[in-house]
1. Among the basic types (Lys, Arg) and farther than 19 Å from residue 29 by Cα, is that true of residue 70?
2. With 64, 31 as the choices, which residue is under 16 Å from the mean Cα position of the chain (by Cα) and basic (Lys, Arg)?
3. Please state which of the following conditions residue 111 fails to meet, knowing it meets all the rest: (1) in contact (Cβ under 8 Å) with a residue 12 or more places away in the chain; (2) out of contact with any Pro (no Cβ under 8 Å at 6 or more places or on another chain); (3) of a type in the set (D, E, K, R).
4. Cβ contacts < 6 Å: first residue surrounded by fewer than 17 Cβ atoms within 10 Å (Cβ to Cβ), restricted to segment 75-95; second residue hydrophobic (A, V, I, L, M, F, W, C), any location; separation 6+ or different chain. Result?
5. I'd like the residue in segment 1-28 that is charged (D, E, K, R) and either under 16 Å from the mean Cα position of the chain (by Cα) or assigned to a helix (DSSP H, G or I) (or both) and, out of all such residues, is surrounded by the most Cβ atoms within 10 Å (Cβ to Cβ).
6. Do you know which residues across segment 32-56 are closer than 22 Å to residue 164 by Cβ and among the aromatic types (Phe, Trp, Tyr)?
7. Pick from 127, 155, 138: which is closer than 15 Å to residue 79 by Cβ and in contact (Cβ under 8 Å) with a residue 24 or more places away in the chain?
8. Test residue 65 against the stated conditions and say whether it is in contact with a strand residue (DSSP E or B) (Cβ under 8 Å, 6 or more places away or on another chain), part of a helix (DSSP H, G or I) and among the polar types (S, T, N, Q).
Amino acid sequence: MTKFNIFSENIFEGWDVDEKKFLDIAKKILKFYLSIPEVYENSCLFGFDFKTISFDFLYCNSIKTHEINREYRNKDYPADIITFAIFADSGEKFIFDGEINLGEVIIALDKVIEEADKKGVTREFELSFLISHGILHLLGFDHQSEDAYNFVIDLQNKALESIKI
């Protein structure tokens with residue numbers, strides 16, 4: 001049975017996120033994704049022997065995601081989510097003591113609030129939606145084509161439905 005080490009830090013002062021709740025949501029979403037053969041077999045994890053999967057969430061504001069975008073991605077705009085998929089994007093798949101570190105998901109909570117208001121959904125739903133999106137990126141899924149985008153969004157919706165969000 002795979003163990004999940006998922007950590008989070010909230011440096012955004014405008015929303016005291018229930019980090020334990022969203023870590024539990026992230027674990028359920030990851031378990032859902034890995035239970036689908038098509039997803040697991042096309043993920044960066046396929047073919048590797050591991051006991052533990054770890055990754056981090058950083059909750060911040062869009063000023064921070066703008067800085068990160070400029071510094072690391074040569075993009076001059078704030079983002080709602082940035083994913084550093086260390087394991088998926090690395091040429092060398094480093095596994096230490098049976099543990100795979102997938103990377104980090106950075107989420108701008110002010111953007112989550114803004115988007116939730118715009119869509120007429122709860123903050124919790126929008127944050128869960130972005131968490132599910134970030135996990136797919138960590139697993140190596142991207143959305144450069146319309147088909148890939150539709151696949152990712154469909155998976156996110158199914159994941160949230162599966163855990164009743």
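Quick note: the coordinates plus some simple rules give every number you see, no bench work behind them. Keep in mind it's a predicted model, so treat the numbers as computed, not measured. So basically every Cβ, Gly included, is an ideal-geometry build from the backbone, and we count neighbours across all protein chains shown.
1. yes
2. Just a single option satisfies the conditions, and that option is 31.
3. (2)
4. Between residues of segment 75-95 that are surrounded by fewer than 17 Cβ atoms within 10 Å (Cβ to Cβ) and residues that are hydrophobic (A, V, I, L, M, F, W, C), the close pairs are 95/50.
5. 28
6. 32, 33
7. The unique qualifying residue is 127.
8. Yes: the conditions hold for residue 65.
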